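Reviewing the structure listed below.
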Amino acid sequence: MNYRIVEIEAPSRDTAKYSILIIYTGGTLGMTHDEQGTLQPFDFGKIIEEMPVLRSLDLRLTVISFPQPIDSSNIRIDHWNQLAQIIERYYHQHDGFVVLHGTDTMAYSASALSFMLEGLCKPVVFTGAQLPFGTARSDANQNLVAALQIASAHHQEKPVIQEVAIYFDYFLFRGNRCKKVESVHFDAFESENYPPLAEAGISIDFDFNVLYRPLSKQHFKAYQIAPTQIALIKLFPGYDHTVMTHTLETPGLQAVLLETFGSGNAPTSQEFKTMLKKAIDQGVIVYNVSQCNGGRVLQGRYSTSKHLLDMGVLSGADITTEAALAKLQFLLSTESNSQQILAHLSTPLRGEMA
Ligand code: ASP
């Protein structure tokens, strides 16, 4: 792959203690308006010109750019695979990684990378912006500088963050606990079911009690994700039975992420039960996540979820839809034993569920 790599020439380049690799994928942060006034990702070379602040930090910074920066709505699994490959290739050369990414799908990508990077002992901090660099009142500078400071933060000679995280609007969140919840205001992300890892005020205050630590027996390994056949079905009153049946009968379907009501509830009609049971009997994994941002799936709490439990629907507990999809994609492409897949779906792999 033809990546562009630029070493940032800074006065402290030879003396700085820590080295950070910035991976530029695209997103609003690096966009500019075209003649029609539409935002488009712009040339990587210009990004450096727009970021004089990078030269003033006491860090050794290298920027690597996707050959074609993208709006994150165009992100695909091969981009995730490229990100994992880049981090694997440069893992020992840098102390931390900052991924510049569009906000639209950042929570999906951060979730995917959290699973793909096993035994990660260094920070991988995703960030972006709601307004491009160079725009008056842009949040890009603040987000990037804080993300770099977080990615280089050490405590007792070890990186403070040893997981995939998202930094946005003064908060650092666990990547696989986040959702994009806001498209206009600066506070684009929320992590309803897990506390922030850090808050940036005049200093960056980490909450050491909630940071993820990899299992000591795990060595760093970057996995790749393969194409999978997963359907996301969000229940709503008045759904059409035929439409849902067609989805569930898609040839080759491997898994369904079922977005249910409240604490994991769904219709109890015979036709709904028969349709879902048939899919499960044919080997389709059905994974239950709630449409609520906060709280958790508790199958069996109500009679409207007891039938799901009885027919073998798996509970996603308090996992987000974004993390659940990434987890399914990861497990279906890296694990061949179906019993292991089911077991992993019910237990946390990277702190993504309680
Ligand atoms: N559409 C943009 C993207 O996700 C939005 C953003 O970066 O905030 O690439």
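The values are calculated or read from the model by the stated rules, or taken from the named source; none is laboratory data. All values reported here derive from a predicted model rather than from experimental measurement. So basically every Cβ, Gly included, is an ideal-geometry build from the backbone, and we count neighbours across all protein chains shown. With ligands, DNA and RNA removed, areas are computed over all heavy atoms of the protein, side chains included. Shrake-Rupley method; radii C 1.70, N 1.55, O 1.52, S 1.80 Å.
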Inset, instruction - Can you send over the solvent-accessible area of Ser269, 1.4 Å probe, protein chains only, in Å² to the nearest 10? - result: 50
Legend entry - Cα centroid separation, segment 275-311 to segment 195-240 (Å): 22
Legend entry - Area accessible to solvent at Phe168, 1.4 Å probe radius, in Å²: 0
Legend entry - Average accessible area per residue (Å²) across the chain - probe 1.4 Å, nucleic acids and ligands excluded: 45
Legend entry - Proximal charge balance of Asn193 [Cβ under 14 Å; K/R count +1, D/E count -1]: -1
Inset, instruction - For segment 180-262, state the average projected area of the convex hull of the C-alpha atoms over all orientations, rounded to one decimal in nm². - result: 10.7
Inset, instruction - Summarise the accessible area of segment 188-305 (1.4 Å probe, protein heavy atoms) by the percent that is carbon and sulfur. - result: 54
Inset, instruction - Take every Cα pair under 8 Å in segment 53-127 that's 6+ residues apart, average their separations, divide by the length, and report that relative contact order as a whole percent. - result: 36
Legend entry - Whole-angstrom Cα spans of segment 235-315 along principal axes, big to small: 34, 25, 23
Legend entry - segment 200-354: proportion of alpha-carbon pairs further apart than 20 angstrom, %: 53
Legend entry - Straight-distance crosslink candidates among aspartates and glutamates, where the alpha carbon sits under 20 Å from Lys306 and sequence neighbours closer than 8 are dropped: Glu259, Glu271, Asp281, Asp318
Inset, instruction - Could you order peptides 236-242, 127-133 by the average number of other Cβ atoms within 10 Å of their residues, highest first? - result: 127-133, 236-242
Legend entry - the chain: relative contact order in percent, alpha carbon pairs under 8 Å with at least 6 residues between: 15
Inset, instruction - May I have the pair-distance distribution P(r) for the chain, computed from all Cα-Cα distances with 20 Å bins from 0 and rounded to whole percent? - result: 30, 54, 16, 0
Legend entry - Ser73, Ser191, reordered so the largest accessible area comes first (probe 1.4 Å): Ser73, Ser191
Inset, instruction - Compare Leu215, Leu298, Leu59 in a GNM of the chain, Cα atoms joined below 10 Å, and give the one with the largest fluctuation. - result: Leu215
Inset, instruction - Give, in whole angstrom and from largest to smallest, the semi-axes √(5λ) of the equivalent ellipsoid of segment 107-207, with λ running over the eigenvalues of the Cα gyration tensor. - result: 21, 16, 12
Inset, instruction - Could you tally the net charge around Ser152, taking each other residue with its Cβ under 11 Å from the Cβ of Ser152, Lys/Arg +1 and Asp/Glu -1? - result: +1
Inset, instruction - On the full set of protein chains, 1.4 Å probe, figure out the accessible area of Thr321 and give it in Å² to the nearest 10. - result: 10
Inset, instruction - Quick one: compute the contact order of segment 258-354, relative version, from alpha carbon pairs under 8 angstrom and 6+ residues apart, as a percent. - result: 27
Legend entry - Solution diffusion estimate, µm²/s, Stokes-Einstein, segment 1-154, Kirkwood Rh from C-alpha pairs, 25 °C, viscosity 0.890 mPa s: 158
Inset, instruction - Please give every one of the lysines within straight-line cross-link reach of Lys217, meaning a C-alpha to C-alpha distance under 27 Å, and leave out same-chain neighbours fewer than 8 residues apart. - result: Lys122, Lys158, Lys327
Legend entry - Separation of alpha-carbon centers, segment 50-88 and segment 150-176, rounded to whole Å: 17
Legend entry - Estimated FRET transfer efficiency (Gln224, Ser303; beta-carbon r; R0 30 Å; 0.05): 0.10
Inset, instruction - As a check on your grasp of the helix formula, calculate [θ] at 222 nm for the chain: sum -39500 (n - 2.57) over DSSP H runs of n ≥ 4, divide by the residue count, round to the nearest 500. - result: -8000 deg cm²/dmol
